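The values are calculated or read from the model by the stated rules, or taken from the named source; none is laboratory data. Remember, it's a predicted structure, so these values are computed and weren't measured experimentally. Cβ placement follows ideal geometry from the backbone for every residue including glycine, while neighbour counts extend to all protein chains displayed.
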Amino acid sequence: MRSVLPSMPEPQPTEASAPHPTPETPTFPRVLLAGGGAIALEAHLPQLRGLPGNQRVVLYELSASRRAAIRTRYRDDVALELPEQLPEGPFDLAVLATPPGCHLQEVLRWRPSCPRFVLEKPMARTLEEACAIASNLEGALMAVHMPRAELAAFDVLKDLYTQGRYGALQAVQIHDGRVFDWPSVSAALFSKEMSGGGVMMDLAPHILERLLHLFTGLEVEQCLVDGDRGAVEANAVLQLRGDDRIPVTVTMSRNRHLSGTAVLTFAEAEARVGLMAPTVHLAPRQGPGMTLCPDEDAGSVPFRTLVARFYQRRVVEGRSRPGRALEVMRLLDEAYRVARPLQGGF
């Protein structure tokens, strides 16, 4: 059964849906795309070509073999440049689709000639680096690419929580994991020097960003990770507290399939949502269950649709939320600081 929340007040515009008037729509004639990996080609490049006024994308990739493969794939795209030498600005937007260990250096390199930046998540390896990036981008647009934030299901969860129709929120449990074999795998993702960590740097930014949408604040209580002798972690359990000390447990894995769900337990109901799904399944303790579906997400939402929403909302409209990106980095920094060995799995 599909339903809307019964007898609830008219919903207010959400951060994702509220109009954001701007004096004029910016244009992006010349865009820099740093990095030629899978995430650059499959997620970013198609959206850059569709930005208002785009005429040229300059794709800077250090690997000669990768440049050759990109030239072959896009041989008919006359608006795509693949320079062998470091490109020079000005650029209307710089997209850093590179490992987080490169981001600060790239910001310092291109900030003088570019007013807008998109950074792949996480924005840096450490909180110190993230603060340096934010400081150098003061006065510029800075958006961290976390497309799960463009799903509206967490708006529904937030309404359930704040309106209290099903009693107090008692606990949140999130499980996110799969075998690490998706196309964007690279050696950098297994290097602490390049990425800063393992599964925590892969999955936790998405999850923490959504939890910061749900709560006004979060605090780390405990972090358990595997990995020894300098290896990055493949599994992690993160325990936090939200508003009113509500317990939050996040379980993440790179080498096993987990449910990919967030479960919110209320006094009188349980709400469950897939982390990449558009709908919330609500099971009241009394009465029939129902599916709560935001209007804009009536069906399955392709990944490219989420990326397109990200570029429209966070880049074109300028709703980039740099403060939330820094808070995500603060929580990651604290989690790694208190991390202890994960014994016996989960």
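Which residue, of VAL78, VAL57, VAL95, is modelled with pLDDT of 95 or more and either farther than 14 Å from GLU120 by Cβ or not aliphatic (A, V, I, L, M) (or both)? Full working, then the answer.
Numbers: VAL78 fails: modelled with pLDDT of 95 or more; VAL95 fails: either farther than 14 Å from GLU120 by Cβ or not aliphatic (A, V, I, L, M) (or both).
Being modelled with pLDDT of 95 or more and either farther than 14 Å from GLU120 by Cβ or not aliphatic (A, V, I, L, M) (or both) holds for just one of VAL78, VAL57, VAL95, which is VAL57.
So if I check each of ALA236, ALA231, ALA204, which one is of a type in the set (Gly, Ala, Ser) and either part of a helix (DSSP H, G or I) or touching a Leu at 6+ places or on another chain (Cβ under 6 Å) (or both)?
ALA204
Of the conditions (1) modelled with pLDDT under 90; (2) in a helix (DSSP H, G or I), LEU160 clears all except one; give me its number.
For LEU160, the failing item is (1).
Cβ-Cβ below 9 Å, separation at least six or inter-chain, first residue in the range 79-91 and closer than 10 Å to ARG67 by Cα and assigned by TED's automatic domain parsing to the domain that holds VAL118, second of a type in the set (Val, Ile, Thr) and surrounded by 15 or more Cβ atoms within 10 Å (Cβ to Cβ): which pairs?
Partner pairs satisfying both residue conditions: LEU82/VAL58; LEU82/ILE70; PRO83/VAL58.
Can you name the residue in the range 36-93 that is of a type in the set (S, T, N, Q) and part of a loop (DSSP other than H, G, I, E, B) and, of all such residues, is surrounded by the fewest Cβ atoms within 10 Å (Cβ to Cβ)? Please lay out each step first, then the result.
Keep residues of the range 36-93 that are of a type in the set (S, T, N, Q), which gives 47, 54-55, 63, 65, 72, 85.
With part of a loop (DSSP other than H, G, I, E, B) added as a condition, the list becomes 54-55, 63, 85.
Numbers: ASN54: 18, GLN55: 13, SER63: 12, GLN85: 6.
Applying the filter and picking the extreme gives GLN85.
Any chance the range 118-134 includes a residue that's touching a helix residue (DSSP H, G or I) at 6+ places or on another chain (Cβ under 9 Å), modelled with pLDDT of 95 or more, more than 23 Å from MET329 (Cα to Cα) and not in a loop (DSSP other than H, G, I, E, B)?
no
For VAL107, indicate whether it is assigned by TED's automatic domain parsing to the domain that holds VAL273, β-branched (Val, Ile, Thr) and buried (at least 21 other Cβ atoms within 10 Å of the Cβ). Break it down into steps so the answer makes sense when it comes.
Working: assigned by TED's automatic domain parsing to the domain that holds VAL273: no; β-branched (Val, Ile, Thr): yes; buried (at least 21 other Cβ atoms within 10 Å of the Cβ): yes.
Answer is no for this residue.
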